[in-house]
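The structure under discussion appears below in the form of structure tokens.
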Amino acid sequence: MGEGDRPQDGGGGDAQSKGARMHGPPRRVRDTALSGAAGAPLEGIRVNPIVVVLNGPNLNLLGSREPDIYGRETLADVEADCRRLGKELGLAIEFHQSNREYEIIDWIHAARGRAGGIVINPAAFTHTSVAILDALAAFEGPIIEVHISNVHRREPFRHHSFVSGVASGVIVGCGTQGYGFALRRIAKLIEERSSAPAGRQRA
Ligand code: DQA
């Protein structure tokens, strides 16, 4: 498999294969992502909820791609920041980037029943992909959509997002800082869901 055949992961290796690595002090949570066969939360299990951070096409070029729009931070910098904050928040971060739509869809499928939340910057697929919308709609946890640039101040074709309709929140135009905001929000939503009565857990 050549370099070009491999999904990018922001310089941190194959984050997915690392699975639910434990980061920081384990916390007591009731996470529906870790539920019994009947869907009942496994109470009192000590885990850090997994949060999957997904990045769409061309985001592997962050730092050198249109820096006046996207800034100078690389995707590896963003990944390192996410992992640092994830540790602080008690989240197990899985971080991926791909230029291929199907890989993003596969990562969303893999998050089902396993991850507590998804942070996604679908990049250009935001404006084109019903397939990513459908995959996200099949994910049961909270989703936060992130855009580094303020898409609403840019070309009209960037004003529509297929993803926003299934997102719990959207963070736009805050630069790469937006990923941190998204993780803090996801942590809060996961916490709220873990303490909500069963049946009222959709964010
Ligand atoms: C982007 C905005 C999209 O319109 C664009 O196609 C991207 C990046 C952002 O983060 O600002 O690639 O999602």
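The values are calculated or read from the model by the stated rules, or taken from the named source; none is laboratory data. Remember, predicted model here, so these are calculated numbers, not experimental data. Virtual Cβ from ideal backbone geometry, glycine too; neighbours counted across all protein chains shown.
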- Message: Exactly one of these conditions fails for Ser17: (1) part of a helix (DSSP H, G or I); (2) at pLDDT 95 or above. Give me its number.
- Response: (2)
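From the list Gly113, Gly56, pick out the single residue that is touching a Phe, Trp or Tyr at 6+ places or on another chain (Cβ under 8 Å) and over 13 Å from Tyr179 (Cβ atoms).
Matching residue, one of Gly113, Gly56: Gly56.
Let's see how each residue does on (1) at pLDDT below 95; (2) among the hydroxyl-bearing types (Ser, Thr, Tyr); (3) more than 30 Å from Ala196 (Cβ to Cβ):
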| position | (1), (2), (3) |
| --- | --- |
| Arg6 | yes, no, yes |
| Gly11 | yes, no, yes |
| Arg30 | yes, no, no |
| Val51 | no, no, no |
| Leu54 | no, no, no |
| Pro67 | no, no, yes |
| Tyr70 | no, yes, yes |
| Asp81 | no, no, no |
| Glu88 | no, no, no |
- Query: Can you name every residue in the range 69-88 that is of a type in the set (D, E, K, R), within 19 Å of Pro57 (Cα to Cα) and surrounded by fewer than 19 Cβ atoms within 10 Å (Cβ to Cβ)?
  - Reply: Arg72, Glu73, Asp77
- All positions within the range 52-71 that are of a type in the set (Val, Ile, Thr) and more than 9 Å from the ligand (Cβ to nearest atom): Val52, Val53
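When the range 137-153 is examined, which residues are found to be in a loop (DSSP other than H, G, I, E, B) and without any contact (Cβ under 8 Å) to a residue 40 or more places away in the chain?
As a first pass, look at the range 137-153 and keep what is in a loop (DSSP other than H, G, I, E, B): 138-142, 148-150.
Scanning the range 137-153 gives Ala138, Phe139, Asn150.
In the list Ala123, Ala115, which residue meets the criterion of being within 13 Å of the ligand (Cβ to nearest atom), within 15 Å of the chain's Cα centre (by Cα), within 19 Å of Ser168 (Cα to Cα) and of a type in the set (A, V, I, L, M, F, W, C)? Lay out the reasoning, then the answer.
Details: Ala115 fails: within 13 Å of the ligand (Cβ to nearest atom).
Going through Ala123, Ala115 in turn, just one is within 13 Å of the ligand (Cβ to nearest atom), within 15 Å of the chain's Cα centre (by Cα), within 19 Å of Ser168 (Cα to Cα) and of a type in the set (A, V, I, L, M, F, W, C): Ala123.
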- Output for the range 116-136, where each listed residue is outside any loop (DSSP other than H, G, I, E, B), out of contact with any Phe, Trp or Tyr (no Cβ under 7 Å at 6 or more places or on another chain) and not polar (S, T, N, Q): Gly117, Ile120, Ala123, Ala124, Phe125, Ala131, Asp134, Ala135, Leu136
- For the range 68-103, name all the residues that are part of a helix (DSSP H, G or I), more than 12 Å from the chain's Cα centre (by Cα) and of a type in the set (Asp, Glu). Asp68, Asp77, Asp81, Glu88, Glu101, Glu103
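Can you tell me which residue is surrounded by the most Cβ atoms within 10 Å (Cβ to Cβ) among those in the range 140-190 that are basic (Lys, Arg) and within 11 Å of the ligand (Cβ to nearest atom)? So that I can check it myself, show each step before the final result.
From the range 140-190, those basic (Lys, Arg) are 153-154, 158, 184-185, 188; that's our starting set.
When the remaining residues are screened for being within 11 Å of the ligand (Cβ to nearest atom), the result is 153-154, 158.
On the way: Arg153: 10, Arg154: 13, Arg158: 16.
Residue satisfying both the conditions and the ranking: Arg158.
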- Task: Kindly list the number of the only condition in (1) away from the ligand (no atom under 15 Å from the Cβ); (2) without any contact (Cβ under 8 Å) to a residue 40 or more places away in the chain; (3) of a type outside the set (D, E, K, R) that fails for Ala92.
- Result: (2)
